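Okay, structure first, notes after.
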Amino acid sequence: MKRLSRYALTVVALMAGTLLIPAPMVLAAGDSSPVELQLTQEQESKYQEIRKGGGANCASSSVVSIKVDGKDGDYTLDREGRLKKGPAEPQFSGCEDQEQVKKNKSSPTLLAATFGTFYFGPNRPSFYASDTNSQFWAQQSYAAGLPTSYRWAPSAYLKSIIYGEALTAYAFKSPANCGYNKAGQNEDYIFHWSCGSQSTSSMYYLYGEWAFRAAGPGWSGTATVKWDFNYAITYV
């Protein structure tokens, strides 16, 4: 039987409704299995919606969109904090340097070459991302089940326009889906949760979506923050 190439496997996975993204091999203690990420078409759509075709070499991203009461379409804030019509630009964190990007682009693994990932290790047990949209923390444990703890909070910039309890506050992790849903907390709350039953033979995709009422001079509406984080766990 002829063995399919990684490219052919990717095409087959896309036709089946699941995106299979191979990544560079990570050698763990006694494990040489390749790390892979599987996203459904819906999850892949969320990934593309947040990143808007950019940040492919970055482990984390976030974007804010504002729906203004009584107006159609998406709005955002300019650098002076004034409301303007149009989609917001995503913010990226955990990006590889340019030399690594060049190496990735020359990689024979088609999709893995452009999929940024943070690799936890004994000397890299934590990840932190902070931008004008939000703050995100991830802490890796090497206890049984390799649990990862997460924390998320809106940025000071975002807190200047949002108010009240979160209308939406949920996250999911794929594969081995681990969900979180805690709407009803106010903008000063630091949302926190954890996911276990993980391994060194998988790549994980974490997606979050938070929404709050928002207001500024002459307008009111709803601000929604969407963010994601790609990671894998190693012993090296």
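Nothing in this text is a laboratory measurement; each read-out follows from the coordinates by a stated rule. This is a predicted model, so every value here is computed, not measured. Neighbour counts run over all protein chains shown; Cβ positions are idealised from the backbone, glycine included.
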With a 10 Å radius around each residue's Cβ, average the other Cβ atoms per peptide and rank 124-133, 205-214, 176-185, highest first.
205-214, 124-133, 176-185
Would you mind checking segment 127-165 for residues with the amide N under 16 Å from a putative spin-label position 7 Å along Cα→C-beta of SER220?
161-165
Quick check: from the Cα gyration tensor, does segment 111-215 come out rounded (a/c under 1.5), prolate or oblate?
prolate
Check which residues have an amide H placed less than 5 Å from SER160's amide H, if you skip close sequence neighbours.
none
Return the distance in nm (one decimal) between the two label points of a simple spin-label model at ARG82 and SER199, each offset 7 Å from Cα along Cα→Cβ.
5.6
